[in-house]
Amino acid sequence: MKQDGKHIAIEAIKKKLLGKKLSYPEIFSIMDEISHERLGDVLTTYFAAAGFTEGFSPDELYYMTKAMVATGEHLHFKGIVADKHSTGGVAGTRTTMILVPIIAAAGFLIPKNSTRAITSPAGTADTMEVLAPVTFTIKKIEQIVNKVGGCIVWGGHLGLAPADDVIIQIEQPLAFESYDKVIVAVMAKKIASGSNHVVFDVPVGPTMKIQHFKDAEIIAKKFAYLGKKFGIHVVTDINEIRQNAGRGIGPMLEARDVLQVLEQSPERPLALEAKALRLSGKLLDLCFASQKKTSTLNGEDVAREMLTSGKAMQKMREIIKIQGGDPDRDRKSLRPGKEVFEVRAKRKGRVVGINNKEISIICRILGCPTDKLSGMYLNTRLEDQVDRNDILCTLYCTDKWRLKEAVETIKNLPVYTVEG
């Protein structure tokens with residue numbers, strides 16, 4: 001029987017390579033073989049490449065999503081289940097860890113499965129791990145969410161869409177992802193997580209994963225199409241990104257940004273707070289619309305109330321505690337590595353560019369995300385006026401040799417562009 005499945009899968013991959021459309025049984029056989037790791041790296045690569053060059057029809061997107069869900073595990077919850085996903089590509093924009101406690105404090109379940117970093121300095125799971133463990137079984141996640149209303153956990157080992165986990169490993173060395181495959185994988189994981197109200201954050205910019213608004217619009221339409229097919233309420237937030245919303249890059253520094261916002265500290269990154277409130281507001285509006293009696297409430301107003309009243313911080317402490325972390329840790333207890341270097345402006349002028357890709361390269365050299373204490377703090381923002389020798393950013397590390405390498409690299413890959 002296994003051989004039959006493999007034969008069908010191979011014939012289907014050949015068909016796709018020729019640009020032909022696939023049926024649900026054909027796509028299911030491919031996903032089933034991939035998820036059980038029976039297809040092998042070469043054939044899986046052919047399938048990933050076929051999708052990258054030809055793309056998929058709306059029906060194929062639906063079949064792939066359905067098959068990914070059918071071949072994996074599932075989380076089960078009752079009622080309104082909220083969720084959020086970002087297409088990403090922006091270092092230091094840790095909105096999820098602010099949004100989750102806001103939504104849970106407002107009374108909605110939000111089981112957030114997050115990723116670890118693939119090419120960025122930190123994923124949400126890496127950053128949350130600074131505050132609490134993130135690896136749990138499906139049963140434990142269900143218990144956590146039903147008790148405190150939310151969680152921020154690593155989803156990579158849960159087997160929610162196992163075919164995607166295999167495809168990610170194939171694509172990682174090539175550093176390419178097709179938009180269609182990302183859309184399918186994201187929707188499959190949301191469905192498998194039991195989510196039925198989802199906000200999608202789609203940042204657009206010259207150094208983002210998605211660089212053009214027309215691509216973002218296409219992605220938003222495909223999310224909406226799949227949401228409708230699976231009965232999931234979807235809202236997409238397409239936003240232009242010219243710089244990082246937070247100031248910290250790397251697990252420890254990003255966790256500090258999050259706690260500064262939740263604690264409403266005077267030095268909190270206001271751009272990060274504003275983005276988290278906007279996304280939380282859109283998600284709450286979606287949830288309120290399904291609760292006919294509360295449809296007059298304004299989502300962003302409720303989100304702001306959860307944040308400024310301290311209810312979101314209290315909820316985050318509950319989540320940290322139940323996940324096995326120290327609920328009493330605050331922003332002041334989060335200290336980065338002791339090896340420090342300040343990058344200074346070589347001229348007087350105005351900051352006209354901050355390169356997100358160069359930030360990621362430098363932070364990976366410093367040791368992110370494995371070394372949680374390493375990273376970069378952005379002292380200066382876009383449009384700031386600087387004098388010669390003003391601090392642009394600060395590098396942190398636990399190893400003086402890695403710091404030395406990062407300092408040498410930043411001379412050739414400048415993060416900041418200053419014009420006189």
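The values are calculated or read from the model by the stated rules, or taken from the named source; none is laboratory data. On a predicted model such as this, the values are computed, not experimentally measured, just so you know. Cβ coordinates were reconstructed from backbone atoms using ideal geometry, including for glycine residues, and neighbour counts include every protein chain displayed. Heads up: the accessible areas ignore ligands, DNA and RNA and are worked out on the full protein's heavy atoms, side chains in. Shrake-Rupley method; radii C 1.70, N 1.55, O 1.52, S 1.80 Å.
Take the range 207-342 with all the other protein chains still there, run a 1.4 Å probe, and you get 48 Å² of accessible area per residue. Ignoring lysines fewer than eight residues from LYS348 along the same chain, the ones with Cα atoms less than 19 angstrom from its Cα are LYS411. Amide H contacts under 5 Å for SER86: ASP201, restricted to partners 5 or more places along the chain or on a different chain, H placed in the peptide plane at 1.01 Å from N.
Surface composition of the chain: carbon plus sulfur atoms contribute 52% of the solvent-accessible area (1.4 Å probe, protein chains only, all chains present).
So what is the relative contact order for the range 366-420, in percent, with contacts set as C-alpha pairs under 8 Å and at least six apart?
Details: 45 pairs, mean separation 18.7, N = 55.
That works out to 34 percent.
Listed values for the range 349-364 are Karplus-derived 3J(HN,Hα) couplings in whole Hz (6.51 cos²θ - 1.76 cosθ + 1.60, θ = phi - 60°), namely x, 10, 6, 10, x, 10, 8, 4, 5, 5, 4, 4, 4, 4, 5, 5, and x replaces Gly and Pro.
Shape class of the range 353-420 from the alpha-carbon gyration tensor: prolate, with a/c at 1.5 or above and a/b greater than b/c.
Across the chain, the mean sequence separation of Cα contacts (distance under 8 Å, 6 or more residues apart), normalised by length, yields a relative contact order of 18 percent. For the pair ASP4 and LEU413, label points projected 7 Å from Cα toward Cβ lie 5.1 nm apart. Pairs LYS147/LYS181; LYS181/LYS228; LYS78/LYS357: which exceed 29 Å Cα-Cα? Cα-Cα > 29 Å for LYS147/LYS181; LYS78/LYS357; rest within. Quick check: from the Cα gyration tensor, does the range 292-420 come out rounded (a/c under 1.5), prolate or oblate? Oblate, since a/c reaches 1.5 and b/c is not below a/b. Looking at the chain, the DSSP beta bridges with both ends there are about 45 percent antiparallel. Relative to the dominant Cα principal axis of the chain, helix 138-148 is inclined by about 50°. Per residue, the range 1-99 exposes 46 Å² of solvent-accessible protein surface, assessed with a 1.4 angstrom probe and all protein chains in place. Amide H contacts under 5 Å for SER265: none, restricted to partners 5 or more places along the chain or on a different chain, H placed in the peptide plane at 1.01 Å from N. Rounded to the nearest whole Hz, the Karplus-based 3J(HN,Hα) values (6.51 cos²θ - 1.76 cosθ + 1.60, θ = phi - 60°) of the range 388-398 follow the sequence 4, 6, 5, 6, 8, 8, 10, 9, 10, 7, 9, with x at glycine and proline. The modelled label-to-label distance between GLN264 and SER290, using points 7 Å beyond Cα along the C-beta direction, is 2.9 nm.
Once backbone amide H atoms are built at 1.01 Å from N, ASN239 has VAL202, VAL204 as its partners under 5 Å, excluding neighbours fewer than 5 places away on the same chain. Between the C-alpha center of the range 197-218 and that of the range 342-420 there is a gap of 26 Å.
For LYS21 and VAL42, the FRET efficiency from 1/(1 + (r/R0)^6), where r spans their Cβ atoms and R0 equals 25 Å, is about 0.60. With a simple spin-label model that places each label point 7 Å from the Cα along the Cα-to-Cβ direction, the separation between ASP59 and VAL340 comes to 6.3 nm. Shape class for the range 40-94: oblate, because the ratio a/c of the largest to smallest gyration tensor axis (alpha-carbon atoms, square roots of eigenvalues) is 1.5 or more and b/c is at least a/b. Using the Karplus relation 6.51 cos²θ - 1.76 cosθ + 1.60 with θ = phi - 60°, the per-residue 3J(HN,Hα) values for the range 215-230 come to 5, 4, 5, 4, 4, 4, 5, 5, 4, 5, 4, 5, x, 5, 4, 9 Hz, with x marking Gly and Pro. To test your reading of the geometry: what angle, between 0 and 90 degrees and rounded to tens, separates the Cα axis of helix 179-192 from the longest principal axis of the chain? On a 0 to 90 degree scale, this one is about 80. For the chain, the Cys residues with no second cysteine's beta carbon closer than 4.7 Å are CYS151, CYS287, CYS393, CYS397.
For the range 1-89, what's the relative contact order in percent, using C-alpha pairs closer than 8 Å and at least 6 residues apart?
Details: 69 pairs, mean separation 28.8, N = 89.
Taking the mean separation of contacting Cα pairs over the length of the range 1-89, I get 32 percent.
Given their separation in residues at 0.36 nm each and the Cα-Cα distance between them, ALA224 and GLU383 gain 53.7 nm when the chain is fully extended. The protection proxy used here, the mean number of other Cβ atoms lying within 10 Å of each residue, ranks peptides 82-94, 32-44 as follows, highest first: 82-94, 32-44.
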